[in-house]
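Student: Dropping a structure here in structure tokens format, bear with me for questions.
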Amino acid sequence: MLLKSLEFKLMSGQKVKITDIPVLEEDNKYRFMLQIRLQKFLTIIYAQKQPKSSYSFKDYLKKVIKWPDYEAIFGTYILKNNA
């Protein structure tokens, strides 16, 4: 799975980094849901008075979406014959 990170500055000048953002294909059924969840996550961070300098989007998703959806997005694929 390909993951990306996002780094930006708040109005106060503090740098914030969000890691573990999954990159999905355009035709993936979870892509729209992840875009909306990322927007909501950014809104939550902006609303905080003293935000942390680093966040994990993967950990946030683990808390807010249903487990079967989380496994479908971040599921580990078992390789045949340990290849």
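The values are calculated or read from the model by the stated rules, or taken from the named source; none is laboratory data. Model, not experiment: these values are computed from the prediction. Note: ideal-geometry Cβ built from the backbone for every residue, glycine included; neighbour counts use all protein chains shown.
Student: If you go through segment 6-37 one residue at a time, how many are farther than 17 Å from residue 72 by Cβ and either without any contact (Cβ under 8 Å) to a residue 40 or more places away in the chain or among the basic types (Lys, Arg) (or both)?
Tutor: Within segment 6-37, the subset farther than 17 Å from residue 72 by Cβ is 6-19.
Still in the list and also either without any contact (Cβ under 8 Å) to a residue 40 or more places away in the chain or among the basic types (Lys, Arg) (or both): 6-9, 11-19.
Going through segment 6-37 one residue at a time, the tally reaches 13.
Student: From the set of residues in segment 42-63 that are in a helix (DSSP H, G or I) and under 11 Å from the mean Cα position of the chain (by Cα), which is farthest from residue 1 (Cα to Cα)?
Tutor: Restricting attention to segment 42-63, the residues satisfying the condition of being in a helix (DSSP H, G or I) are 42-47, 57-63.
Going one step further and asking which of them are under 11 Å from the mean Cα position of the chain (by Cα), we end up with 42, 57-62.
Working: 42: 22, 57: 14, 58: 12, 59: 16, 60: 18, 61: 16, 62: 16 Å.
Filtering first and then ranking leaves 42.
Student: Please count how many residues of segment 1-41 are in a helix (DSSP H, G or I), closer than 16 Å to residue 62 by Cα and among the hydrophobic types (A, V, I, L, M, F, W, C).
Tutor: Residues meeting the conditions: 5.
Student: Can you report the number of residues in segment 54-74 which are hydroxyl-bearing (Ser, Thr, Tyr) and at pLDDT below 95?
Tutor: Of the residues in segment 54-74, 1 are hydroxyl-bearing (Ser, Thr, Tyr) and at pLDDT below 95.
Student: Being aromatic (Phe, Trp, Tyr) and out of contact with any helix residue (DSSP H, G or I) (no Cβ under 8 Å at 6 or more places or on another chain) is the filter here; which residues of segment 13-56 pass it?
Tutor: If the condition is that a residue be aromatic (Phe, Trp, Tyr) and out of contact with any helix residue (DSSP H, G or I) (no Cβ under 8 Å at 6 or more places or on another chain), then 32, 46 are the ones that fit.
Student: On the given criteria, is residue 36 at pLDDT 95 or above, under 13 Å from the mean Cα position of the chain (by Cα) and not acidic (Asp, Glu)?
Tutor: Here the answer is yes, as residue 36 does meet what is asked.
Student: Still on this model: Sort out which residues of segment 16-30 are modelled with pLDDT under 95 and surrounded by fewer than 15 Cβ atoms within 10 Å (Cβ to Cβ), and write them in order of number.
Tutor: Once the filter is applied, which keeps residues that are modelled with pLDDT under 95 and surrounded by fewer than 15 Cβ atoms within 10 Å (Cβ to Cβ), segment 16-30 yields 23, 25, 26, 27, 28, 29.
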